[in-house]
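Working notes, structure below.
Coordinate-derived values only; no laboratory data. Note that the structure is a prediction, hence the values are computed from the model and not measured. Please note: Cβ atoms are built from the backbone with ideal geometry, for glycine as well, and neighbour counts cover all protein chains shown.
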Amino acid sequence: MSRPVPTSNDQVQLVQRLFIRHSSTLRGFILGLLPDFHIADDILQDVFMVVTAKAEQFEPDTNFFGWASTIAKLKVLEYARASRGGPRMLSPEVIESLCAAAPPMADNAELSAALAECVGKLAPRAKAVIQMRYGDGIKPMQIARNLDWKDESVHVALSRARAFLRECLKQTVARHPGT
């Protein structure tokens, strides 16, 4: 028995529900490419508008996160190209490479569990710096002041922690292919 074909309004509602379900993962994906909370939120809103406008193109029972993250990547690249020379912006080539190397991720709950597991494996100081930066939204310069560190030390700590989390997530996803 074949499934009923959703109407246009049903399809838009489905895509919007999926967007809400995956919005925190999409935001994290965007922040991984562009670590500025305000711009990431703007891009996330743009992604919502695009997935709503293109709802008819989404095939139900396929990987929504994969589809939406491709749109997010294109929006980040669009921003990168428009703001060439902006502060600490990854080049479009690096963004493309990061996205190509990223493992496919589908389920927000499983991904959150995997991330929590990996964050739990961080050294206490690295965990504290990651929490301040991404949990509390504190800028690196303020983190340096709070911890009485040099600015460079915070950037190095964040870079190393992100590299560890990236590798840990890759391994965790490989062990649990349903993620």
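Set the Förster radius R0 to 35 Å, insert the Cβ-Cβ distance between K139 and S8 as r into 1/(1 + (r/R0)^6), and round the FRET efficiency to 0.05.
Approximately 0.20, to the nearest 0.05.
What is the fewest-to-most order of V173, V15 by other Cβ atoms lying within 10 Å of their Cβ?
Values: V173 19, V15 24.
Ordered by Cβ neighbours within 10 Å, fewest first: V173, V15.
Can you put M141, M132 in order of Cβ neighbours within 10 angstrom, beginning with the fewest?
By the 10 Å Cβ count, ascending: M141, M132.
Per 0.36 nm of contour for each residue apart, how much would the distance between H155 and E56 grow if the chain were fully extended, relative to their Cα-Cα spacing?
31.4 nm
Spin-label point model (7 Å from Cα, Cβ direction): what's the A82 to A163 distance in nm?
It works out to 3.3 nm between the two label points.
Please report the relative contact order for region 104-179, taking Cα pairs under 8 Å with a sequence separation of at least 6, and give it as a percent rounded to a whole number.
43
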